[in-house]
Every structure is written in C-alpha cells, then in structure tokens.
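Working notes, structure below.
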Amino acid sequence: FNIFGLFGNINVIYAHYRLKALRTKYGILLTLLVAFQSIFLFFELVATVYGVFEQHIIRKNCFVLISPYI
C-alpha cells in the first residue's frame, strides 16, 4: 500500500506541475499536503524494510532516520 500511495502522490504533484488549473489556493494546499505525506510514506517504507529484514538499528542511526519524519 505504501508503494501505491507514493505512486498516487507523485502523480498529484506531477499534475499540479503540468496543469495550470490546479494552481489555485486549494491546489497548492493539496500539493503541499501530498508532498509532506510522500515524505512520511518514504520514511515509513525505510522502517518497514528494516523490520522485514530483521536488521537491528542502533540508536544513533535510528535518530537520523526518524528525525525528518518527526
């Protein structure tokens, strides 16, 4: 589901870039929300990869990976 979410978010950002009709106040708000959600989905994907492959993360690396998400 994460991959599908990122794919949809990237399509919304691309549509905002290509279509002038989406450059309204509400279109900009939607694009900002989608951009931030894409960042959050990407960092959740990184955490999922670490969980699936059962790799242990030390505290220093964990903080670096999670700080943009927070």
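Before moving on, here are some points about what is shown:
- Label point of Leu22 set 7 angstrom out along Cα-Cβ; within region 30-70, amide nitrogens under 11 Å from it belong to 30-32, 34-35.
- Estimated FRET transfer efficiency (Ile3, Phe53; beta-carbon r; R0 22 Å; 0.05): 0.85
- With all protein chains modelled, accessible area of Ile70 [1.4 Å, Å²]: 150 Å²
- Potential extension, Ile13-Leu30 segment - 0.36 nm per residue separation minus Cα distance: 5.2 nm
- Between the amide H of Ile57 and any residue lying 5 or more places away or on another chain, no distance stays under 5 Å, with hydrogens modeled in the peptide plane.
- Base-10 log of normalised Debye intensity for the chain (one unit scatterer per alpha-carbon) at q = 0.12, 0.16, 0.22 Å⁻¹: -0.42, -0.64, -0.91
- The chain: DSSP helices with Cα axial extent of at least 20 Å and average Kyte-Doolittle hydropathy no lower than 1.6: 25-52
- Solvent-accessible area per residue in the chain equals 87 Å², computed with a 1.4 angstrom probe and all protein chains kept.
- Here the chain is treated with +1 on each Lys and Arg Cβ and -1 on each Asp and Glu Cβ, and its dipole about the Cα centre works out to around 400 debye.
The values are calculated or read from the model by the stated rules, or taken from the named source; none is laboratory data. Remember, it's a predicted structure, so these values are computed and weren't measured experimentally. As a convention, Cβ positions derive from the backbone with ideal geometry for all residues, glycine included, and neighbour counts pool all protein chains shown. Just so you know, the surface numbers come from the protein's heavy atoms only, side chains and all, with ligands and any DNA or RNA stripped out. Shrake-Rupley method; radii C 1.70, N 1.55, O 1.52, S 1.80 Å.
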